[in-house]
Structures are given as structure tokens and as C-alpha cells.
Amino acid sequence: MKPAAFDYVAPTSLDAALTALADGGYDAKPIAGGQSLVPLMAFRLAVFGQLVDLGRIEELQGVARDGDELVIGAATRQAAIAKDALVAEHAPVLAQATGWIGHQQIRNRGTIGGSICHADPAAEYPATAVALDATIDVASTRGRRSIPAAELFEAAYTTTLEPDEVAVAVRIPVRRPGEGTAIFEVARRPGDFALAGCVVRVATSGGAVIDARVLAFGVGGAPIRLAAAEAALAAGAGVGSQELTAALQADADGLTPPEDAQATSAYRHSIVVHVANTAIAEAIADSQ
Amino acid sequence: MSRQQVEMTVNGRVHAGEVEPRLTLVDFLREDCALTGTHTGCEQGVCGACTVLVDGEPMRSCLMFAVQADGAQVTTIEGIGGGREGLTPVQQAFMDNHGLQCGYCTPGFIVTVEAFLRDTPSPSDEQIREALSGNVCRCTGYQGIIAAVRQAADQLAAEARS
Amino acid sequence: MSAQTGGAARFVGASVKRREDPRLLTGGGQFVDDVQLPGMLHAAFVRSPLASARIASIDTQAALAVPGVVAIFTGADDFPRLPPWWPSEANVPAQHPLAIEDVRFVGDPVAIVIAESRYIAEDACELVDVAYEARTPIVDYRAAGEEGAPVVHAELGTNLVAEMASPPDPALEAAFAGSDHVFKETIKSHRYAAVPMETRGFVASWNKAGGELTVHMAGQAPHVARAYFALSLGLPEHAVRVIQRDVGGGFGQKAFQARDDMAVLHAAMRIDRPLKWIEDRQENLTAATHSRHEQITIEVGVNNDGLLQAIRLDHVLDAGAYPAMPAEADPGLVAAWFPGPYKVPHFGFRNVQYYTNTTARGPYRGPWLIETTVRETMLDIVARGIGMDPAEVRRRNSIQAADQPYQLHSGIVFDRVSPAETLEQAVEMAHYAQFREEQAAARAEGRLLGIGIASYIEPTAFGGGRSMGIEAATIRIEPSGKVTCLMGLGSYGHSVETTMAQVVADELGVAFEDVTIVQGDTASAPVGGGNLGSRSAVIGGAVAGMSARKARAKILDLAGHLMEAAPDDLELVDGVVSVKGSPASSMALTEITQVAYNGADRLPEGMEPGIEETTRWSAPFVTHSNATHVCMCEVDRNTGLVKLLDYVVSEDCGVMINPMVVEGQISGGVVQGIGGALLEHIPYDADGNPLAVNFKDYLLPVADLIPEIRIGHIVTPSDTPGGHKGAGEGGTIGGVAATVNAVADALAPLGVTITEQPLSPSRLLALIEQASA
């Protein structure tokens, strides 16, 4: 389990990194924390001619507030996000999501941009980013663009990023008054990838839900909006109500969850309703 | 593929060498630095046997390349206790509570727990179990390990008070 | 107690802290991968990606051209076939280190690549071009005996490994016919593995000029390995030295040498440089042995009063392609030791074992433990069926003290065991009645709480004249008065450097600190059986004590001569010989050893200089320990996840040398049992691909999932010299069954029956949904 050989550069500026990626073409790969990439390389499931390490680029690090948005450098470590004061205040569910990621040793190295760009269907950050209406700023030598998280994830391990593009920052609208968020997931062991998980954001007015984002993960190729549940919540269906349960069931029935050594497809299908219900209840409680 | 110069401080001593970029940090520590106390158990970042401190934080040394640690301060099990000052309270607690049998996973646990108690001086039992869950032990059934962390935490807290 | 014959019992029975720990806690252990020899090369294997295929051709040219590649060996290089471990009546195929014409499981070693680094060796492995002609594999062992099933080993003409059955017994049939109830279930055990944290590994160094092979290895039994290596490699036994310093677990997997192990040694002898092979985790989960894949159909005849009348077993096992242990071992143990701690008047069995195109079956801690899993889970099914509490059913059937010696149908005799006592202690420690009340309250709220009991009697420390039952210890009182004890053990975490020193210190009458145990090296130790089969305390402890007594007798003889006193009037305490009752008249042990080694002219007539004593002892046929486990859990109705709430073990391993070490063995074993019951599983797909070959897919228990394990002790000394009984495997044996029973009890109100593991959330939620549908 030793990786195949590759060349390695660790530029200290984003421009240099983008140039290296552009020059390297399909053979070059950006590496951030490497917590998902390195195992794939160890199994030789992934082989690259060149790794471009983003870990030494200062402008990709850190959390800042920019108007109504929180701007998180793509190479910010997950552990830093978990204990960041701005995140705790303005995007608390992102900190909560971080707690579900692997273990401390992983979070100390893994980054938010790396996790989002890796697009593991069972990972927490992609669904959280979609639930929070985040935008991913990406860059290449061809220029910069911003991709709404909802348009980033195409399929398992597949994003709409071009090979020469890297994520620069994740922009998250700051939590608004009356908003409530929560994340809940079920895994075989603490720190394992979710068998099914759900991130919920509700907007309330006068204590009543007026809008909702319900994002399931681990049950399909990409984070999946449970649209019927969102509509039911926006229409005033409460936790435990027949309407919400029926809507969740309808959403669940539209899924074709994956099957693997950890759980059957039927199992993932079965627990989605419970997982979503739990997260919805917590999000509503959080909004009060 | 070109080899690259790498230099890092391991347990307070500078180690420099020319390595292939694909050389993992754990292999660099074990083979180039001859620090064989750090072990590999899975080479995919799950078992925790290879945990070392990089710039003070516990990380999987199987999921880093040595070139990525260029310029870093690395602490391995050889840099924790054992010298003239004897065992650290954490190591002593593992010995007192039979927190190890074959000892293969032990360096990873010790490194993890040293950092955990540094950052979480008065942990709850739940926090202890959670903190240990990124390290796998196949021998002890975790009973002695959990007791050891509790003892070390209590002792360190008592020392901090006095 | 052993200590009564020597000095005061100061160390035996005390939780002495481990001698091994300081080095292991500070990175100073020396595991096989830590061995670096000048000029050492590294090996990696090309392994079959197919479960069954003919090898049409192997092209190594491109791989050999990789800079740093030194050699590549394939089946064409004629490494000799492996000799059998011991004589067997079974259908056994030829086993070659590397596949010759056919590959028979995914992971089958096809070529071994030798290079300057493991990185380069793996680069070259990718370039070895093997053309396979795929065949249809036989993957399901239950279908392997069917007409027309693909045959794994064509030379045998059958997939049948072996079968055994008890003779027809009309009384058995009559007992079933006369029982108030007959229950029948097929209880399946899934495939999982020992998974030591340190994988297999070797550093082999062939000194051609000297004709000596030195093998550093991660093993369990250095002398047993040496004998096998010598036989396999055609070397004289004394030309092979096996060294195992620290070993990172084994649990049975490292007790036997597999084909790839032997390929490494053959390759090492064909190159002129030392060779290291460290198995990676993917190889370990793919190609090292798997265990426990079998099923038993059990019929139980029972009366309304809960008394068992008759039991019949039909046991089917999956041997894999190249089983690592003699075929008779596991089914034989199951047949002979059933029905364990309960009195059952009539018993019959049949077992059959088949080859499949899967990874080999091999021993894993309590290799026969389906004996306990099936009996104990079936007893709960029976209890529910007749409406009696599971604890009460066990109570009514347990072998009592008054029943002993108690002879099983197989002729095995239970004596000095305490199943009734451990049952009561465990039930008491678990607050069983109180839990039942809490359970009833929880059930009323719709929550699923469960409690499960499992009892067993465990054969440990097999003896009866076979090599596994013979052990030796050489005790040398050094000229300085310090004590060295050389033993043929092969610890992989058993604490024998501590426990054996406790025994020796007590028997001699010296300080614990003054005794060192040297083991794990065939060059220093007398021939011994290593660490397997829960034997080190019983057999190792016995011989260590015997040799210490011999050494002590010589010390007292010599001291008596020097002090002009009768040896019987002398005592040796804390390294000082003195006249009993007059401590003023004394000699330090060092003064005596100085004479023994350096003043032969002062020795009594006929006494040899020096003090070095060896005892070799053949243990009795078997020594039985026993235990009862109680597991308590809650099953989440929404997710099928199991939360363990509490776990109790009451055990009887006789006289404990070091209770801390005993409890460590039990806890570790229990968690391996829990892991097997809940998490660990290597499923295969229909094409014969293993689906859990890394630690993301193969789930090991972690601290967060494990409750506190509370342990009680009943001490019934065995009739071996130290009074000890084996304690290495029991934790696992009971751990599976108690966990399964707890979960089954939790789900009992739903009316479902659990007959398959692991108890994954998928399986449990399906049962819950099925019950509420």
C-alpha cells in the first residue's frame, strides 16, 4: 500500500499553484489535507503525475466576515473551523458538521475545500454547504468564478470544477434572525462516514417555519434536497405531523441509496425519514 | 520523478534528507530517521497507530507525505517521556491500568492522549471515549486505556491545582 | 498454591505492573518491521484478482526492468510444496508457496517481487503481466458439496475436506421422541478475521557460507515455526534461528505458517541479501486467514421443566481454499466439548467441511467458539419457547460441584469446574432481577432493552504428550545472583515477561526485579510450544516454577554446605539464605553464586559448578476453565443500532498469577467477541471477491462503543502444578454469544428470532420492520 511515484510542488501563492495545475493538465492534482486523497493513492486507485499542495498558500487560510457572508479559505483546517468564533456565531451548523467528520487527527489535517471538492456522497460538508446556500469561489489561470454549492455536486466524487480549477473560498450567508439549523447522521461507529445524514436549515417568522432546506447525504451520489419535506415545512407542517411524515416518506421513496459493506440500500432508505425528522426537530428548536 | 530536499525538526533534532515525494511521513520517520516507535496499522488513516504531533497537533503520519512536513516540528513517541525524567503521567497511567498488551497501537494512543489532555484538561468520560475512538486497540478491550486516561486526567488536574 | 513450596507468596496473585511496558510506552519496542539489516531488500506479492482461474502465462520482463528490482519469483521457480503441519485423515491438496497452474482465491500469491524498497516492489508488481483464464468459482460453502459444483482442487475430485459423525443412536431418537418440546434452528456464523494490529511479517537472512537462516518474525511459537521452516526448506533444525521480540497481536493468525510466508523464506534463500516482507493491511484482510465461517443446525429436546433431554448438531464449515489448520481440529472440538456446562443425557453430531474459492480458514481466538454461540443462543430460543427465564433454564441444567467428575459423551471429563457458581455470580453482579424490571418498564415505553447470558467450559492448555503440551524452562542463577529464565514461549502481548517472573521470584525467594524472562528466540530458549491454545500460564507457569524449585534446592544445598547447616533448616527470602528463625546467620545469594561459579574448590563433593536447571514437563490432556458472561444492551428501534449498556463476566481460571493480566485478557477477548457479533464481517460477492479488505469496510470495535466490563472471579485451582487454568480465549468465546443473546432478548417482544450475525443495523432494522409489518 505505497503510492505510485509523483512530482510535488508546494507553491506559496495561489497564482503559482494555478499555473502548476494548468501546466500539469489532467496529470496534475491539487492536494489540500489529503485525508481522502492519500488513502486512494495508497491503494493505487488514484495515480497522479504531479501533486500541487495548497497547504502553504496563506490566502487560502482562515475565516473572515465579509458583509453578510462568512468567507472561509478553502484550505482552512476542519479543526480550526470547529473552534472558530465567527463560525460558531454565524454558521454554527458548520461547526457541528465538523464534529461528525472522522476523528480529531483527521480534522487537524483535513480542510473544508478539500472535503467539498472531494465530494464524497457520505461527507458532511457538501450537504451543509448546499443547505446553507453557500457559494464556492474557484480559480484557475483562466480566471475566477463562483459556483453555488447547489450546482457544484454532480455525482459521487464528481463536481463541476474543471481539472485546473481549485476552490479558493467557501462563502456562507451569515445566520439570519429566526433561522435554525441542525445536522444529524447515523453511522456504524463514531467518525465513520454516514449511512444516512441530514442537514436542515429553517427560516421562521413569529415562531412558524416559512422556508426550509432539507439536505440528505449518504443516500445518493450527491447531497439530495428532500423537496417534498421542504415544501411541507414551508406550508406549516410540524414535526411528527402526518403531512411531514408523508412528505418525508415520498422523498425517501424517490431515493435509490447505495449499498455497501456497511449497510443495505433498503436500510439507508428506511432510516432517512428518522434521520431527517431528528434534524428537522433540532433545527426548529434551534430557531426558537 | 525527482527527489526533493526535506528538513524537519523531529523531537527537537533537525532531520534532513532527500526523499521521493511519495514517501509517507511515517516511512520517513521510521526509515530515514530510524524512529521506529511510530507504527503503521492500516496505511489509510483509520487505525491511528501512526499518530504523531505535527506542529503540536495529532495527525496520521500515514496520510501525509514527508515533503508536506518540510519545516514542521514533529513529535513522535520517542519524544515523549522515557528519558531521564521517566514516564509521563499519561504513560505511567497506561502502565498502572494495564492500558496496553502487545503495545503495537500504544504509541498512537499515547500521542493522541497527550494532546487530548493538553487541550481538554478536565474531560468527561464521554469526551475520553470520543477522543480515543480514532485509535484502534485489538488487545485490551479499551478498559485499561479508558481507566488510564481518567487517572492521568485526574492527576494532571490535581497538579494544575497545586 | 505454587508459592507455598518456595518463598512467601509475594508476587503470584498480585497485580504486578508489567515489565514489558516501559519500552512499549516510549517507542522502544522491537517489532519485526523495526528490524533493519544492512543490504536488506523488500518483498511484495502479485496476488490473484480472480477467485478461480488458470494461469495462462506470466510475463515479468517489464517488472524486472524497473530500476531497483532485484528478482521476481513465480510458480515456475519450483519452491517446494509445503509439508503438512501434522498427519490428517482429511482430503488435503498439495500446497505450493506460489500458485503453479491455478489460482484458487482472490489474494492467492502468484509472484513475489524483490526490490530495494517496498515502494519499488509495488511498482513492479503492477507491471507483472499475468494472463488468467477465468473459471466459475465455488463461493458458497453450503453449495460446495452439491453435484456439479465447481471443484476447488481438481486433484482431489471433490470439495469435501472431511466429515465425521457420531454413531447412530436409537436412544437419542427416543429421547427426542419423548421430549415435551423439540426446537430446531440453523445458526450461522459469518466470516471474519483475527486482525492483529501488526500484520504478518518476516525479516529473513540467509548466510550461505555458514548455512544459517535467521528469521525475525511476527509469530506465536518460535520453536514450532523453526521446526516447520527447517522441514520446508530442507535445512537442519539447528541451522534455523527464529527470533520474535515484540509481536503486535496474533490471536491464532500467526500460529501457523501460510504459503506466502514460505514464499518469503524460499525467496530469501535464493538471494544473497536479507529480505523483509511486511504484509500490508489489504493483504492481511484478503490473504491472511479468515475464521468462523460455518453454521450449525441444532435440534434440542427439552421438557416442560426446562431440563434438556437431547441435542443433535449438524455442523457445516467453510475451509476456504487452503485451510491453515488440520481439518479435524475445529469440528472435532465442537463435537467433543458440546454440550459444555449443561447436563444433556443424549447427544449426537455430524460435521462436514468443504473447500471453497475463498481465503483460507484459520484459527482465531477460540476457533471452535461456535460451540458456545450455538448452544447459548439456542438455549435462549428454547427458554422463550417454553416460557422460562433464560437464567433459570441454565440454572436447572448446569453441572454442579456434586456432579463432578462429569463425563461427556465424548469421554472428556469435567472436574474442578464451576459453571453453576459463575452463573450465580454473574447474574448477581449484573443485577439481573433489577434489569428485568427496568426492561419491563422500558418495553412499556416501546424501548428495546435486552440482557443476554452465555456460559461455557473452555478446554485450555492441551497436553497429553503432544508437543503443544510440553514446555521447558531453564533457570540460570547468574554469577551475580541475578536470575535468568529461558523459555520457549512466544508472547504477542501476553505479559509473560512479567507473569513468569512472578512465579520464578516466588518459587526461588528472590525479588521480582532480579528475575528476567528471555523468550521468543530459539537460540536461547529450550524447545517450547509458544503462545497459543491458552497454554502459557498453565504449562509455562508450571515449568518455570519447577525449574525455580530445582535451582532453589541447589542453592540451599550449597548454602548448607557453606554455612554448615542442614539445607532443610535454611530458607531463601529476598535473595538471602538464612537459618530459619535466626536471621543473623545468613548468606547473600551473591556469595553463594560466587562460590558456585568461581570457587569450585569449595563445593561439596559431587556438586556441579554453576546453578542452572532445566525442567521439561508434559501437561495433562487438558485443563478446563469456565465462565459466564452477561451482556446488557438497548436496540434503537429507529436505526437498528445496538448500544451496549453493561457487561459482566464471572470466570474461573483457577489460581491467577496476575489478576490485572487475567482481566486484561478477558476484556480484550470480550471486545473481540462483541466486534464479531456486531461489526466485523468479510462478505464475498457471487464472483468470489472479498468486500471488506480495508479498515473503512472492516469495522473494528472502538472505545466509544464499548461499555465498562466488570469481572468477578471464582477460584477453583486446577490439578496442574500452579493450579492455573488458561484464560486467553474465553473472553471471546463468551463475548459473541452473550452479545447475540442480549440483542435477541431486546427484540424478543417483536417475536423475531436471530440466527445470523453480524447484528448489523441493516439486519436488525429489517427484523424490526418485518415484525411491525
| task | With a 1.4 Å probe and every protein chain kept in, tell me what percent of the accessible surface of region C:19-88 is carbon plus sulfur. | result | 56 percent
| said: Leaving out ligands and nucleic acids, and using a 1.4 Å probe, what accessible area per residue does region A:177-285 come to in Å²? | reply: 34 Å²
| query | With axes computed from alpha carbons, what is the tilt in degrees of helix A:14-24 against the longest principal axis of chain A, rounded to the nearest 10 within 0 to 90? | reply | 70 degrees
| note | Computed from every Cα-Cα pair in region B:84-161, P(r) in 10 Å bins starting at 0 and rounded to whole percents is 20, 58, 20, 1
| query | How many angstrom separate the Cα center of region C:285-352 from the Cα center of region C:695-773? | reply | 18 Å
| remark: Expressed in square angstrom to the nearest 10, the accessible area of C:Met325 with a 1.4 Å probe stands at 40 Å²
| request: Kindly compute the accessible surface that chains C and B hide from a 1.4 Å probe when together, both sides summed, and give it to the nearest 100 Å². | output: 4100 Å²
| task | Mind computing the radius of gyration and Dmax over the alpha-carbon atoms of region C:622-773? Å is fine for both. | result | 17.6, 60
| query | How large, in Å, is the protein assembly as shown by the Kirkwood hydrodynamic radius built from its alpha-carbon pairs? | reply | 32.1 Å
| query | Once you sort the root eigenvalues of the Cα gyration tensor of region A:143-197 as a ≥ b ≥ c, which label holds: rounded (a/c under 1.5), prolate (a/b larger than b/c) or oblate (the other case)? | reply | oblate
| note | Out of A:Leu86, A:Ala4, A:Gln96 - ranked by how far each Cα lies towards the positive end of the dipole of chain A, with unit charges on the beta-carbon of charged residues - the top one is A:Ala4
| request: Please give the length that would be gained between C:Asp569 and C:Ala329 if that part of the chain were fully extended, namely 0.36 nm times their separation in residues minus their C-alpha to C-alpha distance (nm, one decimal). | output: 81.3 nm
| note | In whole angstrom, the spacing between the Cα centers of region C:375-415 and region A:185-199 equals 41 Å
| message | Rounded to the nearest percent, how much of the accessible area of region C:680-757 (1.4 Å probe, protein heavy atoms only) is carbon and sulfur? | response | 46 percent
| said: Just to verify a number: FRET efficiency for A:Thr160 and C:Ala686, C-beta to C-beta distance, R0 = 41 Å, to 0.05? | reply: 0.70
| task | Using Cα centres only, tell me the gap between region C:505-571 and region C:113-161 in whole Å. | result | 50 Å
| message | Could you tell me the calculated FRET efficiency between C:Glu438 and C:Ala511, based on Cβ-Cβ distance and R0 = 45 angstrom, to the nearest 0.05? | response | 0.35
| Can you give the accessible area per residue of chain B, in Å², using a 1.4 Å probe? | 33 Å²
| Those residues of region A:1-17 for which accessible area with every protein chain present is at least 30 Å² below the isolated value (1.4 Å probe) | A:Met1, A:Lys2, A:Pro3, A:Ala5, A:Phe6, A:Asp7, A:Tyr8
| note | Expected unfolding gain across C:Ala401-C:Arg350 under the 0.36 nm per residue rule, minus the alpha-carbon gap, is 15.3 nm
| task | Between A:Glu151 and C:Glu756, with labels modelled 7 Å along Cα→Cβ, what's the label distance in nm to one decimal, could you check? | result | 4.7 nm
| request: Starting from region A:40-88, pick out the trypsin sites (Lys or Arg not before Pro) whose DSSP state is loop and whose Cβ has at most 14 other Cβ atoms within 10 Å. | output: A:Lys83
| query | For the pair C and A, how large is the buried accessible area, both sides, in square angstrom to the nearest 100, if the probe is 1.4 Å? | reply | 2200 Å²
| Between the DSSP loop rule and a limit of at most 14 other Cβ atoms within 10 Å, which GluC sites (Glu not before Pro) in region C:102-151 are left? | C:Glu146, C:Glu147
| task | List the trypsin sites (Lys or Arg not before Pro) within region C:395-487 that fall in a DSSP loop (any state other than H, G, I, E or B) and whose Cβ has at most 13 other Cβ atoms within 10 Å. | result | C:Arg466
| In range of the label at C:Ser480: residues from region C:507-540 whose backbone nitrogen is under 17 Å from the point 7 Å along Cα→Cβ | C:510-518
| query | Excluding ligands, DNA and RNA, what is the solvent-accessible area per residue of chain C at a probe of 1.4 Å, expressed in Å²? | reply | 33 Å²
| In region C:664-703, which residues give up 40 Å² or more of accessible area once the other protein chains are added, compared with their chain alone (1.4 Å probe)? | C:Phe695, C:Lys696, C:Leu699, C:Leu700, C:Val702, C:Ala703
| field | Listed residues A:Ala252, A:Ala187, A:Ala134, most fluctuating in chain A (Gaussian network, C-alpha, under 10 Å) | value | A:Ala187
| task | Find the relative contact order for region A:59-171 and round it to a whole percent, using C-alpha pairs within less than 8 Å whose residues are 6+ positions apart. | result | 27 percent
| query | Regarding region A:59-171, what are the three Cα extents along the principal axes, ordered largest first, in Å? | reply | 34, 31, 23
| message | How large are Rg and Dmax for chain C when calculated on the C-alpha trace, in angstrom? | response | 27.7, 92
| request: Would you list the membrane-span-like helices of chain C, meaning whole DSSP H runs whose alpha-carbon atoms span at least 24 Å along their axis and whose mean Kyte-Doolittle value is at least -1.0? | output: C:541-563, C:659-678, C:730-747
| request: Could you calculate the FRET efficiency of A:Ala22 with B:Arg118 from 1/(1 + (r/R0)^6), where r is the beta carbon distance between them and R0 is 35 Å, rounded to 0.05? | output: 0.25
| task | For chain B, give the percent of accessible area contributed by carbon and sulfur heavy atoms, probe 1.4 Å, rounded to a whole number. | result | 45 percent
| 14 Å reach of a label modelled at C:His238, 7 Å along Cα-to-Cβ, counting backbone N of region C:518-548 | C:523-524, C:527
| For the pairing of chain B with chain A, what total accessible surface becomes buried, with a 1.4 angstrom probe, in square angstrom to the nearest 100? | 2500 Å²
| query | In nm, what is the difference between 0.36 nm times the number of residues separating A:Glu243 and A:Glu259 and their Cα-Cα distance? | reply | 2.9 nm
| task | Give the accessible area for C:Tyr354 in Å² (nearest 10); use a 1.4 Å probe, count only protein heavy atoms, and leave out ligands, DNA and RNA. | result | 40 Å²
| task | Give C:Lys188/C:Lys696; A:Lys29/C:Lys696; A:Lys2/C:Lys17; C:Lys17/C:Lys254; C:Lys254/C:Lys554 a once-over and call out the pairs whose C-alpha atoms are over 30 Å from each other. | result | A:Lys2/C:Lys17; C:Lys254/C:Lys554
| Accessible area in the full protein assembly, largest first, 1.4 Å probe, for B:Cys33, A:Cys117 | A:Cys117, B:Cys33
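The values are calculated or read from the model by the stated rules, or taken from the named source; none is laboratory data. Please read these numbers as outputs of a predicted model, since none were measured by experiment. FYI the Cβ positions are ideal-geometry reconstructions off the backbone, even for glycines, and counts take in every protein chain you see. The area values use the complete protein model at the heavy-atom level, side chains included, leaving out ligands, DNA and RNA. Shrake-Rupley method; radii C 1.70, N 1.55, O 1.52, S 1.80 Å.
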